[in-house]
Amino acid sequence: MFTLNHHTTEFSTQRFVGLVLFILVRLMRGWREPLWYQVTSSNISQLFCGALVNVPFRATLAPAIVVGMQATHPQNASFEIRQTEVSLAMPKDRLYQPFAQQASRFYRVDPAHFYQRIFMCMTGAMKEKDEEIFEPENLQLTENVNFSDSSDVCLTDEQTVVVDALIPVIKNPQFHPVLVHGVTGSGKTEIYKRLIMQTIEQGKTVIFLLPEISLCLQFERIFKNQLPATTLIYSFHSLTLKSERLALWKALAQDKPVLIIGVHQPIFLPCSNLGCIIIDEEHETGFSEKRSPHVNSKEVALMRAQMYKIPIILGSATPSVTSLYQAEQKKWAYFRLEKRFSGTFPTMVHATLKGGKKRKHFWITPQLDEQIQNCLFRGEQAIIYLNRRGYSFCAQCCECGASLNCPHCSVSLTVHEVKDSGQYRLECHYCGYATQLPPGCPECKQSKESLIMKGIGTQQMTALLKKVYPQARIVRADLDSTKEKRKWAETLREFGEGNIDILVGTQLVTKGYHFPKVTLVGVVWADLHLAIPKFNARESLFQKLIQVAGRAGRSSRASTVIVQTMSDDDITQYLDERKYMDLYREELEVRQVAHYPPCGRFFQIELRNKNDAELEFESRKIAQTLRERSQKLSTPVTILGPVKPTIYCISNINIRHIFIKSPTFAAIDAVLSGVDIKRLKSSITFIPTP
């Protein structure tokens with residue numbers, strides 16, 4: 001890991017005008033060892049530690065980071081020092097270097113990672129691992145669908161309180177974290193628009209973060225239609241064209257006030273005039289990157305706002321327990337929007353799946369059946385939510401009990417029906433392995449009749465609904481059915497225009513969409529994921545339920561949400577989103593006892609290795625080293641593990657987890673600082689929990 005020369009970070013280059021300067025750089029790619037260059041006086045004043053520059057390397061110019069500067073000739077240079085005129089390849093942002101250092105320390109990665117990812121993003125070589133959903137132009141399906149001209153919109157009293165309180169902080173910037181807790185349909189977008197306009201009027205740039213690219217596309221369309229035409233708006237994610245990336249880079253280099261919309265990438269852009277950060281759907285797990293080092297954009301945004309001394313606004317109908325705790329402790333400002341901008345709250349109904357007698361099908365309770373029939377009779381629309389794609393969870397032999405598992409991962413294969421063929425295939429949703437359903441059990445050699453399909457996915461639910469309600473127009477929306485982007489766009493258009501009666505979908509249909517004719521939401525198996533061994537499983541489940549319920553009743557029509565469950569978990573008593581704070585208090589009480597976030601810091605270490613014995617040895621050794629160091633330092637740290645996670649093998653790579661709990665991150669950092677990972681044969685990733 002390289003570290004910028006702290007003695008020269010504030011290095012003044014003005015006194016070297018007319019002289020020479022030696023800079024130590026690290027190339028972005030192709031060469032790992034730092035290199036020295038002698039810089040001529042014409043552009044010395046442009047340089048600072050942390051600057052991204054172009055330097056001659058072999059027969060071309062290569063991007064590099066300045067990691068050190070000095071006026072004297074280096075004594076131990078490994079190679080001949082070339083004289084050059086370097087060109088600044090990065091917008092000038094003197095706070096970027098300490099920001100990168102802080103983020104790298106938190107995620108325990110080389111600071112070069114953040115410089116390199118920006119370089120790769122600008123060249124289009126890096127892609128985000130988010131769901132890439134195409135949406136056609138002029139498709140108006142968003143929360144504020146009726147807001148065609150922002151000047152015609154009158155704020156509600158609740159909205160006015162928020163805007164009036166935050167405009168002074170925009171005009172006189174300071175670190176000021178704000179949580180806007182607004183029920184679904186309360187008009188948070190209109191608040192964002194006012195704050196964006198105020199920031200840009202101050203000559204400052206706004207970074208606007210969303211958890212999915214589909215939402216980025218929606219908000220880009222909203223802002224381009226509703227903000228003044230002179231506003232410079234740029235998207236910055238994996239669907240952004242290279243020409244637009246370069247235009248954004250040029251605008252940042254010229255210190256122009258712009259609005260930047262994205263998921264992960266915008267928060268790492270150098271920007272000398274950053275004035276405000278806005279994060280919508282702040283509770284979403286989509287802000288945590290799926291690839292190593294699993295950076296959480298929301299967490300990094302808070303770091304950056306604090307370092308740059310600017311306000312950061314976080315909005316959600318279902319704020320995370322951690323964010324609510326920060327507000328309750330008065331560390332963040334807090335605003336509550338309790339009224340919908342239009343429409344009414346749906347009636348919430350709990351229905352049990354247990355029993356199953358005297359109904360059309362096990363997965364359709366009498367309550368859901370009645371509401372679907374009423375909805376179809378009135379010519380209204382319904383969303384049926386089931387967060388499992390495919391036909392069935394797995395295939396299992398009823399004779400010997402063997403499940404058909406992936407040969408490369410520690411998971412069962414999901415059953416998918418081959419379209420219009422009556423045949424089935426098995427797929428792994430982790431490594432992509434696929435095969436045909438075998439003619440019998442591979443273990444006991446019984447016939448195909450011994451294989452039973454367990455559980456239900458969106459594919460089977462769609463087929464079931466078509467059979468029970470043949471008069472209805474029913475379409476499925478999940479990762480499988482939305483791979484064809486134009487087909488998905490057409491589905492959205494058809495549903496928005498009322499040409500589809502029932503939309504069966506996963507969490508793709510839960511956020512951001514405004515369908516005025518939707519008066520029924522049915523949650524097929526609400527408590528499906530409660531068995532997941534995560535401390536925040538109940539919080540995550542409830543947030544998904546509230547978000548999907550929020551699709552109903554967004555116009556003036558009365559609406560209903562049917563929540564079907566297998567268990568009698570008391571989470572059903574909090575189904576009304578206006579009772580969200582009651583759930584928060586219950587969750588907080590549990591976490592205080594167990595010292596889980598936000599009542600402590602939680603850190604996960606993930607080790608991976610093809611050799612399971614080697615992985616087991618190294619993970620145990622690291623856990624023991626951590627315990628010994630914690631004892632030596634007398635830190636309040638608890639080490640748990642190593643353990644096999646629920647899914648302990650993916651693509652033939654074995655996995656182990658070690659968990660660290662402590663009241664403070666500083667204690668965890670002190671313990672981790674003494675661990676030498678250079679000689680490990682296993683790959684290691686450090687994952688702090690926000």
Conditions (1) exposed (fewer than 14 other Cβ atoms within 10 Å of the Cβ); (2) in a helix (DSSP H, G or I); (3) in contact (Cβ under 8 Å) with a residue 24 or more places away in the chain -> GLY674 fails only (2)
Among the residues of the range 197-249, which ones are closer than 21 Å to HIS283 by Cα and either without any contact (Cβ under 8 Å) to a residue 12 or more places away in the chain or assigned to a helix (DSSP H, G or I) (or both)?
-> ILE213, SER214, LEU215, CYS216, LEU217, GLN218, PHE219, GLU220
Which residues, counting only those in the range 29-47, are closer than 20 Å to LEU95 by Cα and either surrounded by fewer than 18 Cβ atoms within 10 Å (Cβ to Cβ) or in contact with a Phe, Trp or Tyr (Cβ under 7 Å, 6 or more places away or on another chain) (or both)?
-> ILE44, SER45, GLN46
In the range 591-598, is there at least one residue being part of a helix (DSSP H, G or I) and either at pLDDT 95 or above or of a type in the set (Gly, Ala, Ser) (or both)?
-> yes
Just checking, which of ALA301, ALA327, ALA333 is out of contact with any helix residue (DSSP H, G or I) (no Cβ under 8 Å at 6 or more places or on another chain), hydrophobic (A, V, I, L, M, F, W, C) and modelled with pLDDT of 95 or more?
-> ALA327
Go through the range 268-279 and give me each residue that's buried (at least 22 other Cβ atoms within 10 Å of the Cβ) and either part of a loop (DSSP other than H, G, I, E, B) or within 13 Å of the chain's Cα centre (by Cα) (or both).
-> LEU269, PRO270, CYS271, ILE279
Determine the pairs where a residue that is under 17 Å from HIS416 (Cβ atoms), located within the range 443-455, has a partner that is not in a strand (DSSP E or B) with Cβ atoms under 6 Å apart, the partner being 6 or more residues away or on another chain.
-> LYS448/PRO439; ILE452/CYS398; LYS454/PHE393; GLY455/PHE393
Which one of the conditions (1) closer than 18 Å to HIS350 by Cβ; (2) hydrophobic (A, V, I, L, M, F, W, C); (3) buried (at least 22 other Cβ atoms within 10 Å of the Cβ); (4) touching an Asp or Glu at 6+ places or on another chain (Cβ under 9 Å) does VAL523 fail to meet, given that it meets all the rest?
-> (4)
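Residue-by-condition table, conditions (1) part of a loop (DSSP other than H, G, I, E, B); (2) aromatic (Phe, Trp, Tyr); (3) in contact with a helix residue (DSSP H, G or I) (Cβ under 9 Å, 6 or more places away or on another chain); (4) closer than 25 Å to ILE653 by Cβ:
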position: ILE384; (1), (2), (3), (4): no, no, yes, no
position: GLU399; (1), (2), (3), (4): yes, no, yes, no
position: LYS445; (1), (2), (3), (4): yes, no, no, no
position: GLU449; (1), (2), (3), (4): no, no, no, no
position: ILE452; (1), (2), (3), (4): no, no, no, no
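Within 29 Å of the chain's Cα centre (by Cα) and charged (D, E, K, R): is that true of LYS487 in this structure?
Judged against the criteria, LYS487 is a match.
Given THR560, THR646, which one is surrounded by fewer than 18 Cβ atoms within 10 Å (Cβ to Cβ) and at pLDDT below 95?
Result of the check over THR560, THR646: THR646.
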What number of residues in the range 485-505 are surrounded by fewer than 22 Cβ atoms within 10 Å (Cβ to Cβ) and over 22 Å from GLU370 (Cα atoms)?
-> 11
Taking ALA229, is it at pLDDT 90 or above and among the small types (Gly, Ala, Ser)?
-> yes
Scan the range 253-267 residue by residue and report those that are more than 22 Å from the chain's Cα centre (by Cα) and either assigned to a helix (DSSP H, G or I) or at negative phi (or both).
-> ALA253, GLN254, LYS256, PRO257, VAL258
Is it fair to say ARG194 is surrounded by fewer than 22 Cβ atoms within 10 Å (Cβ to Cβ), closer than 26 Å to ARG557 by Cβ and in the same structural domain as CYS271 (by TED's automatic domain parsing)?
-> no
Would you check if GLU417 is farther than 30 Å from GLY496 by Cβ and of a type in the set (Asp, Glu)?
-> no
In the range 631-657, anything under 16 Å from LYS534 (Cα atoms), out of contact with any Asp or Glu (no Cβ under 8 Å at 6 or more places or on another chain) and in a strand (DSSP E or B) is listed as LEU640, GLY641, VAL643
Confirm whether LYS621 is surrounded by fewer than 17 Cβ atoms within 10 Å (Cβ to Cβ), within 30 Å of ALA670 (Cα to Cα) and either of a type in the set (Gly, Ala, Ser) or without any contact (Cβ under 8 Å) to a residue 40 or more places away in the chain (or both).
-> yes
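Just to be sure, is ILE660 closer than 25 Å to ALA103 by Cα, outside any helix (DSSP H, G or I), not charged (D, E, K, R) and not assigned by TED's automatic domain parsing to the domain that holds ALA301?
On the way: closer than 25 Å to ALA103 by Cα: yes; outside any helix (DSSP H, G or I): yes; not charged (D, E, K, R): yes; not assigned by TED's automatic domain parsing to the domain that holds ALA301: yes.
Against the criterion (closer than 25 Å to ALA103 by Cα, outside any helix (DSSP H, G or I), not charged (D, E, K, R) and not assigned by TED's automatic domain parsing to the domain that holds ALA301), ILE660 qualifies.
Can you find, within the range 242-264, the residue that is surrounded by the fewest Cβ atoms within 10 Å (Cβ to Cβ) among those that are more than 22 Å from THR189 (Cβ to Cβ) and in contact with a helix residue (DSSP H, G or I) (Cβ under 9 Å, 6 or more places away or on another chain)?
The residue in question is LYS242.
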What are the residues in the range 630-666 that are without any contact (Cβ under 8 Å) to a residue 40 or more places away in the chain and within 13 Å of PRO688 (Cα to Cα), if any?
-> ALA666
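Scanning for something of a type in the set (S, T, N, Q) and either touching a Leu at 6+ places or on another chain (Cβ under 7 Å) or buried (at least 21 other Cβ atoms within 10 Å of the Cβ) (or both), does the range 74-93 turn up at least one residue? Working first, answer last.
Here is the first cut: in the range 74-93, the ones of a type in the set (S, T, N, Q) are 75-76, 78, 83-84, 87.
From the residues that got through so far, the ones that are either touching a Leu at 6+ places or on another chain (Cβ under 7 Å) or buried (at least 21 other Cβ atoms within 10 Å of the Cβ) (or both) too are none.
Looking for residues that are of a type in the set (S, T, N, Q) and either touching a Leu at 6+ places or on another chain (Cβ under 7 Å) or buried (at least 21 other Cβ atoms within 10 Å of the Cβ) (or both), one finds none in the range 74-93, hence no.
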Residue among PRO319, PRO311 that is modelled with pLDDT of 95 or more, assigned by TED's automatic domain parsing to the domain that holds ASP280, crowded, with 18+ Cβ neighbours inside 10 Å and in contact with a Cys (Cβ under 6 Å, 6 or more places away or on another chain) = PRO311
Scan of the range 181-199 for residues that are touching a strand residue (DSSP E or B) at 6+ places or on another chain (Cβ under 7 Å) and among the β-branched types (Val, Ile, Thr), ordered by number | VAL183, ILE191, ILE196, THR199
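The values are calculated or read from the model by the stated rules, or taken from the named source; none is laboratory data. Quantities reported herein were computed from a predicted structural model and do not represent experimental measurements. Cβ coordinates were reconstructed from backbone atoms using ideal geometry, including for glycine residues, and neighbour counts include every protein chain displayed.
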